Amino acid sequence: MKLGFYPGCSLEGSSREYNESLCASAAALGIELQAVPDWNCCGATAAHNLNHNLSLALPARILALAQKEKMPELVVPCAACFSRLKVTRHELLENETLLKEISKIIEMELTPDIPRIINIIEMLEKYVMADIDGKIKSPFKHKVACYYGCLLVRPHKILKFDRPEDPQSMDGIMKRIGATPIDWAFKVECCGAGFSVSRTDVVAKLSGQIIEDAVSRGAEAIVVACPMCHSNLDLRRKAINDYSHQNYTIPAIYITQAIGLALGLDKKELGLHRHLVPVEFPATGKPAVTQTEA
Amino acid sequence: MSRIGVFVCHCGENISATVDCHKVAETCAKVPGVVHSVDYKYMCSDPGQNLIREAIKEKNLTGVVVAACSPRMHEPTFRRTCADSGLNPFLCEMANLREHCSWVHEKNDVTTEKAIDLVRILVEKVKRNKPLFPIKVPVTKTALVLGGGIAGIQAALDIANSGHKVIMVERDPSIGGHMSQLSETFPTLDCSQCILTPRMVEVAQHPNITLYTYSELESLDGFIGNFKVKIRKKARCVDEKLCTGCGLCTQKCPNKKIPSEFNTGLGTRTAIYVPFPQAVPNKPVIDKANCTYFQKGKCKLCEKICPTQAIRYDQQDEIISVDVGGIVLATGFNVLDTDFFPEYGYGKYKDVINGLQFERLASASGPTLGVMKRPSDGKTPETIVFIACAGSRDSAKGIEYCSKICCMYTAKHAMLYKHKVHHGKAYVFYMDIRAGGKMYEEFVRRAIEEDGVSYIRGRVSRIYEKNGKLIVKGADTLLGAQPMEIEADMVVLATAGVANAGAEELAQKLHVSYDPYHFFAEAHPKLRPVETNTAGIFLAGACQAPRDIPETVAQASGAASKVAALFSQDELTREPLIAVVHRTAPPIYSSCVGCFICQSACPYQAIEKEEIRTRDGKLIKTVAKVNPGLCQGCGTCVALCRSKSIDLQGYSHEQVYAEVISLLNRGEESNVGI
C-alpha cells in the first residue's frame with residue numbers, strides 16, 4: 001500500500017531516528033511511504049508569528065504539491081507539521097476567497113479536494129492495527145507512559161482527533177503491541193516546547209514534572225509522537241536532572257520505535273542508538289531513576 | 001349588496017401626524033360597497049365607539065373596517081362594539097394604520113396612499129366575511145401532573161386544593177424528586193426533607209389526588225380540555241394493597257450490594273427496595289435486573305418472609321387510561337454527565353464527586369448519616385475543593401448556559417462542610433458569583449466572611465492523584481493568573497443542570513416544543529412562561545430550565561392557577577378561525593380527494609379521517625376532517641392541499657384573493673389616471 005508522506009525538517013535532522021524507525025516499521029508492515037516531491041518547511045512557529053498568509057502559504061505549497069501527485073492522504077509524523085498542515089487545510093476549506101488568494105501567492109492552483117492530513121497514530125489505527133497481531137514477533141512487554149503533548153490533540157475543533165484532555169489512542173496501540181500503558185496525569189501537559197533554546201530552565205521544570213510523574217507511576221519508558229517533545233525529554237535530560245536533583249534514566253522513545261521493536265526489527269535500524277538517554281528497559285525491575293548523591 | 005362602514009382613527013397624533021386621515025376617509029367613501037366613511041380623533045374612546053354603534057344601526061351596515069392600531073391592541077374592543085349593535089363580531093376588521101404605516105413612514109402623500117390601500121384591501125375582505133361563531137369545547141376537570149418532584153407536588157396540591165381532581169404520574173418508585181436528596185437548602189439552611197416530606201404525605205392522602213408511582217406516560221391523544229392519556233404502571237412485583245411497608249423483605253433480601261440511585265451510588269440497596277425511608281408510597285419494588293430470582297430462578301426469600309403474602313413475581317405492567325382536561329409537565333432535570341471532563345478525573349478518582357453526591361454525604365439520611373467522610377477510605381477530608389461551573393457556561397466542553405443554581409449550592413456546600421469540619425480548609429474555584437435572589441448574596445458573603453471559605457476566581461485545568469492526595473491545578477486570575485496547586489482530599493464538581501433523560505421523547509409524545517438543550521419551551525419567554533405552545537399543557541420547575549426551589553414552587557403554583565382557570569368554566573370558548581374541509585351536497589359531497597397530505601403536515605394532529613356513507617352504511621369516500629378543538633388555525637394544511645379543499649375560516653382563499661386583486665386593480669386605475 002502506498003501512502004503520501006511529508007517528513008518535515010525534524011525528521012531529516014534532530015529526530016532522524018523517528019524517520020528511520022517509521023520507514024523501517026512501515027516497510028515491515030508493507031506500507032510504502034511516498035514523500036511529497038520538492039517539499040518545503042511547514043513554517044513551524046516562526047511563520048505564524050510573522051505573517052498569517054505566510055503561515056498558510058508554506059503548508060499550502062506542500063498541499064498543492066501533494067495534490068498534484070494525486071495523493072488523497074498525507075501522513076505527517078511531526079506533531080507540529082501535522083498541526084500546521086491540518087490547520088491550513090481547515091482554514092482554506094472554510095474560506096474560498098482565502099483559498100484563491102493563497103493559490104495566487106504560491107503560484108499553484110489549489111482546488112478544494114485538498115489531501116487529508118493524518119498523524120502517525122491515525123495512520124497506525126487506520127492501516128496497521130486491524131491485522132497487526134500476526135506480525136508481532138516480540139511483544140513490547142513494558143509499562144509505558146503514553147505522552148501526547150499539545151499539538152497532536154489540540155485544537156480539538158480543527159483536528160477532531162481523540163479526547164483533547166484525556167486521549168486514549170496511543171494507549172490503545174501500545175496495548176495491542178503488548179505494552180501496559182500507565183494511567184498518569186501528564187499526558188497532554190506542556191513539555192516547554194521551543195523554550196528549549198531560549199529558556200532551558202523552563203523546559204527543565206516542565207519536562208521534569210512529566211518525567212517525574214511517569215517514573216513515580218512505574219513507567220519504564222515514555223512513548224512520544226512528536227520530535228519537539230522527544231527533544232525536550234531526551235536531549236534536555238541533563239538539564240532536567242540538574243534542575244530536579246534526580247538522575248532519571250527512563251528512556252523517551254518514538255511510538256514507531258516501540259512498534260519496530262515489537263515487530264522484531266533491529267535496534268540500529270530503528271535508530272535507538274541515536275538517543276542521548278540510553279534506551280535500556282529496567283526489565284529486571286530496576287527503577288527508572290537513581291538517586292543522585294546530594 | 002354589501003354595506004360597509006369605514007372608521008378612520010387619528011390615534012391622537014400617532015396616525016394623523018403622518019397620515020392624512022381625513023383624506024383616507026374621503027377616498028374610501030368612494031370605494032364600491034362603502035356606504036359610510038368617517039374619521040375621528042380617538043375611535044377607541046366611548047364617543048368613538050358610539051360612532052360605530054350608531055352607524056351600524058342607522059346605515060344598516062353589513063361589515064365594518066376600523067382603520068386604527070394593531071388588531072393585537074384593539075380588535076377585541078371593536079368586535080365587542082359591533083356585537084353590541086347586533087353585528088356579528090367577525091364582520092369587523094382592523095386596518096393597522098399605526099404600526100404598519102404611520103409609525104414606520106414619514107409624512108407624505110405616499111404614506112397616505114398606503115393607508116388608503118390598507119383600508120381598501122380590508123373593505124374587499126370584509127365584503128366576503130361570513131358571520132362566525134365561537135367554538136365551544138367541553139372540559140374534563142381532571143388534571144394530569146407528570147413528575148412527582150417539588151414542582152409536581154406543589155402543582156398537584158394547588159390544583160387539588162382548588163377542588164379539582166389530579167392524577168400524578170411519577171417514574172421512580174417514590175415521589176420527592178431531587179429535593180428529597182438534598183441535605184439543607186439555601187439561603188436558610190433548613191433541612192430539605194423536613195420541609196418536603198409533609199407535602200409528599202399530603203399528596204398521598206389528598207382525596208382529590210390519585211398517585212401512580214413507578215409509572216410512565218404511555219401515550220397522549222386529544223386536545224385542551226379533552227386529553228386522553230394512557231399511563232404505564234410498571235410491575236412493582238408487590239401487591240400495593242396487601243403490602244404494609246413493614247420492610248422485612250428489604251432486610252432479608254440477599255442482594256445487598258446494588259448501588260443506590262437515591263444515594264447517587266455512594267450507598268447500597270437491596271434488590272427489593274424502598275428508595276429511602278420517607279418514600280411515598282412506602283412500598284417496595286423489585287429491581288428485576290438485580291433480583292436473584294428473576295436472574296437465576298431461585299431465591300424467593302422475600303416471598304417467604306412477607307407476612308401479608310404481598311409479593312407478586314408474575315405481576316405485569318398495567319396500562320391505565322384516563323381522561324384529563326389539563327396537563328402540568330414537571331419532569332425535572334438531571335446533572336451533566338461528567339465524561340465531558342476527563343481532566344477532572346470524575347469516575348477515575350473516588351473522591352472526585354458531583355454536587356448531588358455531596359448533598360447525600362452532607363445529609364443526615366445519607367450513607368454517612370451526615371458525617372463528612374470521603375468515599376474512598378472514609379477519612380474526614382481536611383482540604384476540600386469545590387469547582388463551580390463544571391460544564392456550565394463552557395461552550396467548548398459542556399453547555400453554553402448558566403445552570404443558575406450552582407453558585408448558591410456551592411456556597412451552601414462549602415458552608416455545610418465548614419460547619420461539620422471546623423478546622424478544614426474549603427476552596428471554591430469560580431468564574432463569577434451569580435447570587436441574584438432574596439438573601440442570596442448575603443448567604444455567599446456569609447460563607448466567605450463568617451465561615452472562612454476561600455473563594456478563588458479562576459478555572460481548574462487538571463486534577464490528578466499523587467500520594468493519596470488530589471492535586472488540583474488551577475489559576476488565580478485575580479492575582480495575575482498565578483498558577484495554583486492545591487493538595488485536596490476531596491473535590492466536588494458543581495456539574496451543570498441538564499434536561500432529564502428522555503425529555504425529547506416525552507416532548508414529542510406530548511407535542512410540546514423544546515429548546516436545543518431539550519428543555520421544554522414556554523409559549524412566550526416573558527408573558528407566557530408557564531404555558532407551552534400546545535393549549536392545555538403547562539410547565540413547572542426545572543424541566544423548562546434549571547431553577548432553584550423557591551422559583552420552582554412559584555412556577556408550579558402559576559401552572560396550577562392556569563389549570564384552575566381552565567377548569568373554572570364548563571366549556572371552553574375558542575376563536576373560530578380554524579381550517580374547514582370543503583363539504584357540499586351529493587353527489588359530490590366534498591372536493592377532498594383523501595390524499596391526507598394535510599394530516600402529515602398538521603403540527604397539532606387536528607386532521608382526522610371522516611368516512612362519508614350512504615344511509616344504508618355504504619362507504620362513499622373517505623375525506624379529511626378538521627377537529628375544531630385541536631386546530632390552531634395555522635393554515636399549513638391549506639397551503640398543502642392539492643385540491644384546494646381546505647379553507648381557513650376568516651382567511652378564505654376568496655378573501656385573500658380579493659385583497660390582492662384590489663391592490664392590483666388600484667395599479668390599473670392609477671395608470672389610467674396618468
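The values are calculated or read from the model by the stated rules, or taken from the named source; none is laboratory data. None of the values given here were measured: they were computed from a predicted structure. Because the Cβ atoms are built from the backbone with ideal geometry, glycine has one as well, and the counts that use them run over all protein chains shown.
Summary table below
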read-out: Meets criteria (surrounded by fewer than 21 Cβ atoms within 10 Å (Cβ to Cβ), among the basic types (Lys, Arg) and under 30 Å from B:Asp323 (Cα atoms)) for B:Lys136; value: yes
read-out: Candidate set: segment A:129-141, residues that are in contact with a helix residue (DSSP H, G or I) (Cβ under 8 Å, 6 or more places away or on another chain) and surrounded by fewer than 20 Cβ atoms within 10 Å (Cβ to Cβ); chosen: the one farthest from the other protein chains (Cβ to nearest Cβ); value: A:Lys137
read-out: Residue list for segment B:349-362, filter: touching a strand residue (DSSP E or B) at 6+ places or on another chain (Cβ under 8 Å) and either in a loop (DSSP other than H, G, I, E, B) or within 14 Å of chain A (Cβ to nearest Cβ) (or both); value: B:Tyr349, B:Asp351, B:Val352
read-out: For B:Pro254: the one exception among (1) within 17 Å of B:Ile311 (Cα to Cα); (2) surrounded by 18 or more Cβ atoms within 10 Å (Cβ to Cβ); value: (2)
read-out: Selection count where residues are closer than 16 Å to B:Ser561 by Cα and among the basic types (Lys, Arg), scope segment B:133-167; value: 2
read-out: Helices (runs of 4 or more DSSP H) contained in segment B:15-126 and holding at least 2 residues under 37 Å from the mean Cα position of the chain (by Cα); value: B:71-84
read-out: Answer from B:Pro277, B:Pro259 - the residue that is more than 30 Å from the chain's Cα centre (by Cα), touching a residue at least 24 places away in the same chain (Cβ under 8 Å) and surrounded by fewer than 16 Cβ atoms within 10 Å (Cβ to Cβ); value: B:Pro277
read-out: Subset of segment B:443-459 [surrounded by 13 or more Cβ atoms within 10 Å (Cβ to Cβ) and out of contact with any Asp or Glu (no Cβ under 8 Å at 6 or more places or on another chain)]; value: B:Phe443, B:Val444, B:Arg445, B:Arg446, B:Ala447, B:Ile448, B:Asp451, B:Gly452, B:Val453, B:Ser454, B:Tyr455, B:Arg459
read-out: All positions within segment B:262-274 that are more than 34 Å from the chain's Cα centre (by Cα) and either among the aliphatic types (A, V, I, L, M) or at positive phi (or both); value: B:Ala271, B:Ile272
read-out: Residue in segment B:214-234 that is of a type in the set (Ser, Thr, Tyr), under 20 Å from B:Ile311 (Cβ atoms) and buried (at least 19 other Cβ atoms within 10 Å of the Cβ) present; value: yes
read-out: Segment B:388-405, subset in a loop (DSSP other than H, G, I, E, B) and away from chain A (no Cβ under 13 Å), residue modelled with the lowest pLDDT; value: B:Ile399
read-out: Any hit, segment A:119-129, residues being in a loop (DSSP other than H, G, I, E, B) and over 23 Å from the mean Cα position of the chain (by Cα); value: no
read-out: B:Asp158 vs. criteria touching a residue at least 60 places away in the same chain (Cβ under 8 Å) and among the charged types (D, E, K, R); value: yes
read-out: Residue, farthest from B:Phe227 (Cα to Cα), within segment B:613-626, restricted to residues that are buried (at least 17 other Cβ atoms within 10 Å of the Cβ) and not basic (Lys, Arg); value: B:Val623
read-out: All positions within segment B:454-468 that are within 12 Å of chain A (Cβ to nearest Cβ) and basic (Lys, Arg); value: B:Arg462, B:Lys466
read-out: Residue match in segment B:488-499 (condition: in contact with a Pro (Cβ under 7 Å, 6 or more places away or on another chain), in contact (Cβ under 8 Å) with a residue 24 or more places away in the chain and of a type in the set (Asp, Glu)); value: yes
read-out: Set A:Ala221, A:Ala214: member being within 14 Å of chain B (Cβ to nearest Cβ), in contact (Cβ under 8 Å) with a residue 12 or more places away in the chain, crowded, with 24+ Cβ neighbours inside 10 Å and at negative phi; value: A:Ala214
read-out: Single match in A:Asp183, A:Asp162, A:Asp166 (criterion: within 24 Å of B:Lys469 (Cβ to Cβ), within 13 Å of chain B (Cβ to nearest Cβ) and out of contact with any Pro (no Cβ under 6 Å at 6 or more places or on another chain)); value: A:Asp183
read-out: Residue within segment A:187-202 that is assigned by TED's automatic domain parsing to the domain that holds A:Pro227, among the aromatic types (Phe, Trp, Tyr) and touching a strand residue (DSSP E or B) at 6+ places or on another chain (Cβ under 9 Å) present; value: no
read-out: Selection status of B:Asp317, of a type in the set (D, E, K, R), surrounded by fewer than 17 Cβ atoms within 10 Å (Cβ to Cβ) and assigned by TED's automatic domain parsing to the domain that holds B:Ala554; value: yes
read-out: Test: residue in segment B:363-386 that is under 35 Å from the mean Cα position of the chain (by Cα), surrounded by fewer than 20 Cβ atoms within 10 Å (Cβ to Cβ), away from chain A (no Cβ under 14 Å) and farther than 23 Å from B:Gly452 by Cβ; value: yes
read-out: Qualifying positions in segment B:72-90 - within 13 Å of B:Pro134 (Cβ to Cβ) and among the aliphatic types (A, V, I, L, M); value: B:Ala83
read-out: Subset of segment B:418-458 (residues that are touching a residue at least 40 places away in the same chain (Cβ under 8 Å), of a type outside the set (A, V, I, L, M, F, W, C) and in contact with a strand residue (DSSP E or B) (Cβ under 8 Å, 6 or more places away or on another chain)); value: B:Gly424, B:Lys425, B:Tyr427, B:Tyr430
read-out: Any hit, segment A:190-209, residues being within 24 Å of A:Gln257 (Cβ to Cβ), within 13 Å of chain B (Cβ to nearest Cβ) and under 15 Å from the mean Cα position of the chain (by Cα); value: yes
read-out: Test: residue in segment B:335-345 that is more than 14 Å from every other protein chain (Cβ to nearest Cβ), of a type in the set (A, V, I, L, M, F, W, C) and closer than 15 Å to B:Gly497 by Cβ; value: yes
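So that you can scan it fast, the table gives a plain yes or no per residue for (1) of a type in the set (Asp, Glu); (2) surrounded by fewer than 19 Cβ atoms within 10 Å (Cβ to Cβ); (3) not assigned by TED's automatic domain parsing to the domain that holds B:Glu343:
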site: B:Ser403; (1), (2), (3): no, no, no
site: B:Lys418; (1), (2), (3): no, no, no
site: B:Tyr427; (1), (2), (3): no, no, no
site: B:Met431; (1), (2), (3): no, yes, no
site: B:Met439; (1), (2), (3): no, yes, no
site: B:Gly474; (1), (2), (3): no, no, no
site: B:Glu485; (1), (2), (3): yes, yes, no
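Residue-by-condition table, conditions (1) touching a Cys at 6+ places or on another chain (Cβ under 6 Å); (2) at pLDDT below 95; (3) over 30 Å from B:Lys473 (Cα atoms):
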{"residue": "A:Arg116", "(1), (2), (3)": "no, no, yes"}
{"residue": "A:Met123", "(1), (2), (3)": "no, no, yes"}
{"residue": "A:Cys146", "(1), (2), (3)": "no, no, no"}
{"residue": "A:His156", "(1), (2), (3)": "no, yes, no"}
{"residue": "A:Leu159", "(1), (2), (3)": "no, yes, no"}
{"residue": "A:Asp166", "(1), (2), (3)": "no, yes, no"}
